[in-house]
Structure formats: structure tokens, C-alpha cells
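Structure record follows, encoded as C-alpha cells.
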Amino acid sequence: MGELETVMVPTDLAKTVPITSPVERKDISLTPVVKALEDAYNIFRKAIYRDGIKGNVIITVQSKGRRNAYGWFAPDRWKAGETLVHEINISAEYLKRDPKDILLTVAHEGLHHYCREKEIKDTSNNGSYHNKRFKAEAVNFGYTVPEKPDPRIGFSAITFGTNVKALDSLPAGILETLKDSMARLERTPGKAGKKGNMHLYVCPCGVKARVGHDHANLICGDCDGEFTCQE
């Protein structure tokens, strides 16, 4: 139940949006984007998940790193006082997609949030393979699901179905904000470290590891936290 659950990007779509020249823009900020994502998610809680999601969640916009994913749900990633709070992230590199596709990612991660609260084991393989339990819940909440599972990501590629009315009911301002959004440029992967030049990774719980390159995707076996490269 502590796995990082992701929406994977089809290989043929995993391309950086080209940016050919700087654009002058006043008050450039991600704040309106995050607010639009939060507002949409709060509406989806009621309109799609029938108030079945009770817990708090932090919605972030972060780099996808080495993951080829539009976004992810990560349980217990934040701490507010003594309360652990889940995270839904939308990958910054893919913010220039169609707003409705971005919102589908938000809704998809909401299904992981629901399954987490209901103690439904909906994924395996570190959250990448979406199993038959995920499919069953997706059908229950009105999504259209693939007929056959993908060998790598299972039934992950859900789309809005009968629940599309939740998308259509969103305030126009949410779609306009996302339409006018920006995207983070992809970084160039680091080179493998030479012998004796290992990179330090640290988990939020304090566990440390040394790896020979600076683009590893490591999940802690003690707390399910994600390691970050420190040096």
C-alpha cells in the first residue's frame, strides 16, 4: 500500500514541448496552476468519487525526474504537525498538454487516493502495474478502461467515460488557467559516476545510499519514501 503509483507516458508521446525563444511575461508563477489543480480535485472528490475520499492530499508540480510519467500518487509523503499527508504530483514537463488530459491525470491519481483509503491493493511493481482491482474501481466510478492490460502498466490507460460530466462541470477558469500554463524543460541525464565517485542518495526517513549515477529512481524499503540525490 506504500508504493508510488504513477501514470506512465506512452513512449511515442514522451517528447519535450519545444521552446524556441524566451517569452517575456509578467508575474510568471505556478501558483494559479496549482490552485486550479486543487480546485479541480476537490470537485472530482464529489462528482466522481461521491465524497468517498476523506483524507487530505498535497497537490504538487514537480519534475518527473527519471520517471516517464504524467504524474503520481505518493502516500504519506508530507508531514503537517503530527499528521502524514499524501501527495499527488503532476509532472512539470507535461504541463503543456491539453488541459483535459492534465485533469484526467489528476482524476486518475484520485483513484489511487481512494484505493489507498479503502486499503485496496490496486498496483504492483512499485506502483507502475495497474491490476484488476484498479480496473474494477475505475469501472465503478465511470471510467472507460482498456480491454486488455498492457504488459508493463496494466490497466493504467483509463479515460473519462460516463463520469465525463464531472469534467464538463468544472468552472471555465480552471481550463483557461491550465491552457495558459508553462512546462519545465527536460534535464540532460547525468553521466555514470566513476569508480570512487558514487552519488549520495538520502531518504526522508534518514536512510542513505550510494549509487554510481545521479538519476536513480530509489524507493526506501523502510518507509516507502523516495530517495533524492544530494551530491
Touching a strand residue (DSSP E or B) at 6+ places or on another chain (Cβ under 9 Å) and modelled with pLDDT under 95: does that describe G154?
-> no
What is the number of the single condition among (1) crowded, with 17+ Cβ neighbours inside 10 Å; (2) under 19 Å from I219 (Cα atoms) that F44 does not meet?
-> (2)
Which numbered condition trips up S91, out of (1) closer than 14 Å to N56 by Cβ; (2) touching a Gly at 6+ places or on another chain (Cβ under 8 Å)?
-> (1)
Counting only residues in segment 116-131 that are crowded, with 21+ Cβ neighbours inside 10 Å and not hydroxyl-bearing (S, T, Y), the one farthest from S156 (Cα to Cα) is identified as R116
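What are the residues in segment 11-41 that are of a type in the set (G, A, S), modelled with pLDDT of 85 or more and loosely packed, with under 14 Cβ neighbours inside 10 Å, if any? Reasoning before the result, please.
Our first condition is that a residue be of a type in the set (G, A, S); within segment 11-41, this holds for 14, 21, 29, 36, 40.
Applying the additional criterion that residues be modelled with pLDDT of 85 or more yields 29, 36, 40.
Hit for segment 11-41 is S29, nothing else.
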Only one of (1) surrounded by fewer than 21 Cβ atoms within 10 Å (Cβ to Cβ); (2) under 19 Å from the mean Cα position of the chain (by Cα) is not met by K165, so which one is it?
-> (2)
Return only the number of the condition from (1) surrounded by 21 or more Cβ atoms within 10 Å (Cβ to Cβ); (2) farther than 22 Å from C229 by Cα; (3) in contact with a helix residue (DSSP H, G or I) (Cβ under 6 Å, 6 or more places away or on another chain) that I88 does not satisfy.
-> (2)
Could you give me the residue pairs with C-beta distances under 8 Å whose first residue belongs to segment 51-67 and is assigned by TED's automatic domain parsing to the domain that holds E117 and touching a residue at least 40 places away in the same chain (Cβ under 8 Å), whose second residue is crowded, with 17+ Cβ neighbours inside 10 Å and assigned to a loop (DSSP other than H, G, I, E, B) wherever it lies, and which are 6+ apart or on separate chains?
-> S63/R184
May I ask you to list the residues in segment 123-156 that are among the hydrophobic types (A, V, I, L, M, F, W, C) and within 13 Å of L111 (Cβ to Cβ)?
-> F134, A136, A138, V139, F141, V145, F155
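Okay, residues lined up against (1) outside any strand (DSSP E or B); (2) touching a residue at least 60 places away in the same chain (Cβ under 8 Å):
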residue	(1), (2)
L84	no, no
N89	no, no
K96	yes, yes
C115	yes, no
K121	yes, yes
K135	yes, no
A138	yes, no
Do we find that T105 is assigned by TED's automatic domain parsing to the domain that holds M182, among the hydroxyl-bearing types (S, T, Y) and under 24 Å from D180 (Cα atoms) in this structure?
-> yes
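The values are calculated or read from the model by the stated rules, or taken from the named source; none is laboratory data. It should be emphasised that the depicted structure is a prediction, and the values quoted were computed from it without experimental measurement. When we count neighbours, we look across all protein chains shown, and the Cβ atoms used for this are built from the backbone with ideal geometry, even at glycine.
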